[in-house]
Amino acid sequence: MIPIAHFFAVTFYLGASAIAALPFARRVKAPVSGVVVALLLGIGAHATALAGLTRQAGAASLTGLGPGLSFAGLVLALSLVVVESLAREVSLTLVAAPVAALVTVAGNLAGMQPFLDPQGARAVWLTMHIVLSFIGIAAYATAASAGTMYLVARRELKSARFGAIFRFFPPLDTLDRVNHLASIAGFLGLTLGLALAAAYSFEYRALVLPQIIWGLGAWVGVSAVALGRMLRGWQARRAALMSALTFASVVALYVVFRMASLNRGQFL
């Protein structure tokens, strides 16, 4: 049941991206309702898969590499539904929905096996850290996607080409607002997730250096964007550029640590 539910989730995510691309093929209004429905169907299938995994593995179901990646895909899809529903746009789905599908597929290829056996409060504690951290990462990814789209649309505007990208991308103000709010959400999620991780490491003497370095790197990146806007008054272009560059660096750092890791069962 779990692989089948994941298959339907990936199919609906890719379907949402295809629906979002319709305005590029012909002159139609942004199909917000169709994209949201497709995403919701994918989220329903995805949640069913992870619920089945939880029934099998207990409270520690998200502690493995595969389950962690799958959950990351689910959270990214949830953030997409919220953003697209509020903004009444679908362009972000073109970028983020395929990413959610790719991460979900990667999780299934890695194997849906938890790293820890169910261990009561310890498993719940670790799972809460994972949930909050992935919420923060998904919000960070949303900020980076909106920032990248802002830079592309701004370049189109300055060049006065006004092609398909400019016509069907959300207004610059909307992309800037999504970037701003998502960076704040990412900062809050990662701050809470890292606080739980630090307390967990202290309590159970479970210190893993690559995890600490990567987690702090992600937190520093999203904090720089969120606090740079709130405290230093960064303008839209600078915030968009920093979002895209720092998130790309966080992803690259994860790939390096993942390739060097000897422990294949953990997310990092």
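The values are calculated or read from the model by the stated rules, or taken from the named source; none is laboratory data. In this text, all values refer to a predicted model and were calculated from it rather than measured experimentally. Virtual Cβ from ideal backbone geometry, glycine too; neighbours counted across all protein chains shown. Accessible surface is based on the protein model in full, side chains and every heavy atom, while ligands, DNA and RNA are left aside. Shrake-Rupley method; radii C 1.70, N 1.55, O 1.52, S 1.80 Å.
Below are the figures for this structure:
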{"item": "Residue in segment 122-133 that is closer than 20 Å to LEU14 by Cβ and either out of contact with any Cys (no Cβ under 7 Å at 6 or more places or on another chain) or crowded, with 18+ Cβ neighbours inside 10 Å (or both) present", "result": "no"}
{"item": "Wholly within segment 114-228, helices (runs of 4 or more DSSP H) carrying at least 1 residues that are modelled with pLDDT of 85 or more, of a type in the set (Lys, Arg) and under 20 Å from the mean Cα position of the chain (by Cα)", "result": "172-204"}
{"item": "Every residue from segment 29-42 that is crowded, with 18+ Cβ neighbours inside 10 Å and in a helix (DSSP H, G or I)", "result": "VAL35, VAL36, ALA38, LEU39, GLY42"}
{"item": "Answer residue from segment 95-113, given it is open to solvent by 50 Å² or more (accessible area, probe 1.4 Å), modelled with pLDDT of 85 or more and under 14 Å from the mean Cα position of the chain (by Cα) and is nearest to SER70 (Cα to Cα) among those", "result": "LEU102"}
{"item": "Flag if GLY217 is on the phi > 0 side of the Ramachandran plot and open to solvent by 10 Å² or more (accessible area, probe 1.4 Å)", "result": "no"}
{"item": "The one condition in (1) surrounded by fewer than 17 Cβ atoms within 10 Å (Cβ to Cβ); (2) under 19 Å from the mean Cα position of the chain (by Cα) that ARG26 fails to fulfil", "result": "(2)"}
{"item": "Scan of segment 43-53 for residues that are of a type in the set (Gly, Ala, Ser) and open to solvent by 10 Å² or more (accessible area, probe 1.4 Å), ordered by number", "result": "GLY44, ALA45, ALA47, ALA51"}
{"item": "LEU192, sole failed condition from (1) within 23 Å of MET259 (Cβ to Cβ); (2) open to solvent by 30 Å² or more (accessible area, probe 1.4 Å)", "result": "(1)"}
{"item": "Close pairs from segment 200-213: first surrounded by fewer than 15 Cβ atoms within 10 Å (Cβ to Cβ), partner aromatic (Phe, Trp, Tyr) and in a helix (DSSP H, G or I), Cβ under 7 Å, at least 6 apart", "result": "ALA206/TYR200"}
{"item": "Of all residues making up segment 54-90, the number that are hydroxyl-bearing (Ser, Thr, Tyr), assigned to a helix (DSSP H, G or I) and either modelled with pLDDT of 90 or more or buried (at least 24 other Cβ atoms within 10 Å of the Cβ) (or both)", "result": "2"}
